[in-house]
Amino acid sequence: MKSSIKVIPLVIAGLWAACNLSPVSAEEFNLEQMVQAGKRVKQVKSPKAYQLYHVTPQEIPNSDLEFTGPLYMKLADGKVRQIADHVEISRISPDGRTFFTNHEQKLYIVNDSGTPELIAENVSSNFAFDKTGKHILVSRPIDVDILKLDLISRDGKTVRNILPEGNYIAPRFTPDGKQILYASSDTGIVSWYIVNIDGTNKRQLTNVGMKSGRMTDEFVPIMSTSDDAGFIDDTHFKYREGTDIWVLDITTGKASKIK
């Protein structure tokens with residue numbers, strides 16, 4: 001399969017610290033050519049001043065969960081410098097800081113000087129922030145397709161375990177911060193679930209009663225990409241599966257395909 005390039009521009013504050021990689025000019029970096037080749041650009045809004053670019057070969061359409069690539073920072077003089085490699089996922093916290101995971105399952109924060117600092121190890125690319133940005137929801141691999149769900153603080157200390165060994169996909173906080181929405185294949189069919197932040201009241205939202213090989217017309221898929229996925233209000237979560245757009249009501253479990 002031919003490779004194209006996906007570029008994800010991110011934004012961050014701070015001054016650039018010395019690095020053993022020499023900066024290149026914007027022309028040498030050739031950002032426009034990368035964007036045109038990838039045909040996908042994800043702009044993450046932030047009030048900060050510096051730009052970060054996560055560049056990855058796009059070999060699997062409509063997915064950003066299995067790519068690694070270098071992370072570049074655009075300096076004040078317009079030049080670009082690489083600050084990390086083998087980055088899986090890079091995200092902006094509510095207070096505008098950049099976090100990323102790499103192929104070694106390590107979670108980093110980019111500090112005010114533009115240098116990555118290690119926060120935690122044994123962390124998959126499934127991580128999310130609460131609305132304050134002070135706590136991070138992380139999936140920790142235990143075995144093949146087996147993880148546990150932990151809540152950690154910004155300094156990497158584990159606040160508490162939320163869910164024990166299981167299969168957890170794309171976990172995220174609800175807008176009020178009191179619950180966690182995630183997908184799992186506990187029943188043999190990947191479905192949406194919700195659980196309280198303390199791990200109580202776990203509830204299956206979609207595909208209730210269905211089993212592998214016995215799916216009905218009421219089957220609801222999960223998202224195929226985290227691009228553009230998110231809550232559109234306190235109770236409705238919108239996501240994309242292939243070319244289809246779905247909206248899930250987390251109070252009733254009802255999901256509707258709107259496009």
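The values are calculated or read from the model by the stated rules, or taken from the named source; none is laboratory data. A quick note: this is a predicted structure, and the numbers were derived from the prediction, not measured. Positions of Cβ are backbone-derived with ideal geometry, glycine not excepted, and every protein chain shown enters the neighbour counts.
Restricting the stretch 239-250 to residues that are under 24 Å from residue 130 (Cβ atoms) and surrounded by fewer than 17 Cβ atoms within 10 Å (Cβ to Cβ), which is farthest from the chain's Cα centre (by Cα)?
The selected residue is 249.
If you take the residues in the stretch 95-108 that are touching an Asp or Glu at 6+ places or on another chain (Cβ under 7 Å) and buried (at least 19 other Cβ atoms within 10 Å of the Cβ), which one is nearest to residue 138 (Cα to Cα)?
Residue satisfying both the conditions and the ranking: 101.
Test residue 253 against the criterion of being at positive phi, surrounded by 13 or more Cβ atoms within 10 Å (Cβ to Cβ) and not assigned by TED's automatic domain parsing to the domain that holds residue 89, and give yes or no. Steps first, answer last, please.
Values: at positive phi: yes; surrounded by 13 or more Cβ atoms within 10 Å (Cβ to Cβ): yes; not assigned by TED's automatic domain parsing to the domain that holds residue 89: yes.
The answer is yes for residue 253.
Quick one: residue 82 ticks every box in (1) out of contact with any Gly (no Cβ under 7 Å at 6 or more places or on another chain); (2) free of Cβ contacts under 8 Å to residues at least 40 places away in the same chain except a single one, so which number is it?
The one condition residue 82 does not meet is (2).
Within the stretch 131-151, can you find the residues that are out of contact with any Asp or Glu (no Cβ under 7 Å at 6 or more places or on another chain) and either farther than 29 Å from residue 188 by Cα or outside the structural domain of residue 172 (by TED's automatic domain parsing) (or both)?
131, 132, 134, 135
Can you give me the number of residues within the stretch 205-250 that are assigned to a strand (DSSP E or B) and either of a type in the set (D, E, K, R) or outside the structural domain of residue 182 (by TED's automatic domain parsing) (or both)? Break it down into steps so the answer makes sense when it comes.
As a first pass, look at the stretch 205-250 and keep what is assigned to a strand (DSSP E or B): 225-231, 236-241, 244-249.
Filter again for either of a type in the set (D, E, K, R) or outside the structural domain of residue 182 (by TED's automatic domain parsing) (or both), leaving 227-228, 238, 240-241, 244, 249.
Looking only at that region, the number is 7.
Of the conditions (1) crowded, with 19+ Cβ neighbours inside 10 Å; (2) touching a residue at least 60 places away in the same chain (Cβ under 8 Å), residue 120 clears all except one; give me its number.
(2)
One line per residue, one yes/no per condition, for (1) surrounded by fewer than 16 Cβ atoms within 10 Å (Cβ to Cβ); (2) polar (S, T, N, Q):
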{"residue": "136", "(1), (2)": "no, no"}
{"residue": "167", "(1), (2)": "yes, yes"}
{"residue": "195", "(1), (2)": "no, no"}
{"residue": "201", "(1), (2)": "yes, yes"}
{"residue": "211", "(1), (2)": "yes, no"}
{"residue": "220", "(1), (2)": "no, no"}
{"residue": "229", "(1), (2)": "no, no"}
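Which number in (1) within 28 Å of residue 220 (Cα to Cα); (2) more than 18 Å from the chain's Cα centre (by Cα); (3) crowded, with 19+ Cβ neighbours inside 10 Å marks the one condition that residue 185 misses?
Status for residue 185: all satisfied but (3).
Determine whether residue 163 is at pLDDT 95 or above and crowded, with 17+ Cβ neighbours inside 10 Å. Working first, answer last.
On the way: at pLDDT 95 or above: no; crowded, with 17+ Cβ neighbours inside 10 Å: yes.
No; evaluated as a whole, the condition is false for this residue.
Please verify whether residue 157 is among the basic types (Lys, Arg), more than 23 Å from residue 103 (Cα to Cα), modelled with pLDDT of 90 or more and surrounded by fewer than 12 Cβ atoms within 10 Å (Cβ to Cβ), treating the condition exactly as stated. Quick ask: steps written out before the conclusion?
Numbers: among the basic types (Lys, Arg): yes; more than 23 Å from residue 103 (Cα to Cα): no; modelled with pLDDT of 90 or more: yes; surrounded by fewer than 12 Cβ atoms within 10 Å (Cβ to Cβ): yes.
Considered against the rule, which asks whether it is among the basic types (Lys, Arg), more than 23 Å from residue 103 (Cα to Cα), modelled with pLDDT of 90 or more and surrounded by fewer than 12 Cβ atoms within 10 Å (Cβ to Cβ), residue 157 comes out as no.
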